[in-house]
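Take a look at the structure below.
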Amino acid sequence: ERPEWTPDGKKVLFLTRQAGKAALWWRPADLSGPAEPVFNGDTTQALEGVFSPDGHVLVYKNSGQDIWLRRFDGDTAPKAVAITKANETEPRVSPDGRWVAFASNESGAMQVFVQAFPVPGARTQISTDGGTEPVWSRDGRQVYYRRGDQFVAVTFATTPAFKVTSSSVMFEGSYVSGAFAHASYDI
């Protein structure tokens with residue numbers, strides 16, 4: 001479930017569920033090796049994950065409904081990205097690695113937020129009237145998200161702080177969304 005390519009295109013990350021536990025595994029995309037757990041011996045139940053653009057950091061949602069990160073080198077201890085009493089989900093790191101977009105129901109309905117990354121900072125709500133499945137444009141100048149049957153594009157400024165400058169519906173239609181919280185499309 002929830003496949004993601006590593007930034008270098010050499011491996012595929014995916015979710016497995018075995019004996020009531022969820023874990024993230026990866027496997028060489030050319031099937032030249034076996035599937036392996038991303039973090040051996042880790043007891044954290046990771047329910048979805050994405051990589052930073054440089055491939056050195058895994059950003060993941062844990063079973064506590066929060067978003068964390070772990071580096072593959074140096075200090076590999078988990079670090080908080082977005083932790084509240086609400087459900088944070090569907091993280092996506094910007095192409096420049098400075099921001100993370102995610103969905104949260106802290107306001108009572110799912111909305112899309114952006115905050116600084118990797119060190120958390122103030123978060124900015126970029127969706128209106130609900131939003132899920134954020135995805136960054138390849139150039140990092142827009143964030144897209146789903147709002148029901150609508151696909152919305154948001155442009156923004158980052159100085160002096162992250163601020164939405166425009167938002168528009170790109171198109172609307174009855175498209176199937178993913179069965180689980182994870183972006184079911186790409187740009």
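The values are calculated or read from the model by the stated rules, or taken from the named source; none is laboratory data. Computed from a predicted model, the values in this text were never measured in an experiment. As a convention, Cβ positions derive from the backbone with ideal geometry for all residues, glycine included, and neighbour counts pool all protein chains shown. Ligands, DNA and RNA are excluded from the accessible area calculation, which covers all protein heavy atoms including side chains. Shrake-Rupley method; radii C 1.70, N 1.55, O 1.52, S 1.80 Å.
Of the listed residues PHE39, PHE117, the order by accessible area with a 1.4 Å probe, largest first, is PHE39, PHE117.
Per atom type, the chain shows carbon and sulfur on 52% of its accessible surface, probed at 1.4 Å.
3J(HN,Hα) along the stretch 76-89: 8, 5, x, 10, 5, 10, 9, 10, 9, 6, 8, 9, 9, 7 Hz, from the Karplus curve 6.51 cos²θ - 1.76 cosθ + 1.60 with θ = phi - 60°, whole Hz, x for Gly and Pro. Taking all protein chains together and rolling a 1.4 Å probe, ASP129 ends up with roughly 140 Å² accessible.
For the stretch 135-187, the fraction of alpha-carbon pairs lying more than 17 Å apart is 40 percent, rounded to a whole number. If you look at the Cα atoms of the stretch 35-168, you get an Rg and a Dmax of 14.6, 45 Å. Counting only protein chain heavy atoms and rolling a 1.4 Å probe, the accessible areas of ILE83, ILE67 rank, largest first, as ILE83, ILE67.
Charge tally around PHE162: other residues with Cβ under 11 Å, Lys/Arg +1 each, Asp/Glu -1 each, net +3.
In a fully extended conformation the segment linking ARG17 and ALA122 would gain 34.4 nm over its present Cα-Cα distance, using 0.36 nm per residue.
Cross-link partners of LYS163 among aspartates and glutamates, defined as those whose alpha carbon lies under 18 angstrom from its own and excluding same-chain residues fewer than eight positions apart: ASP96, ASP129, ASP139.
In the context of the full protein assembly, SER174 retains an accessible surface of approximately 110 Å², using a probe radius of 1.4 Å and ignoring ligands and nucleic acids.
Per residue, the accessible area of the chain comes to 51 Å² when a 1.4 Å probe rolls over the protein heavy atoms. Computed from label points 7 Å out along Cα-Cβ, the spacing between SER32 and VAL164 is 4.5 nm. Think of each Lys and Arg Cβ as +1 and each Asp and Glu Cβ as -1; about the Cα centre, that makes the dipole of the chain roughly 220 debye.
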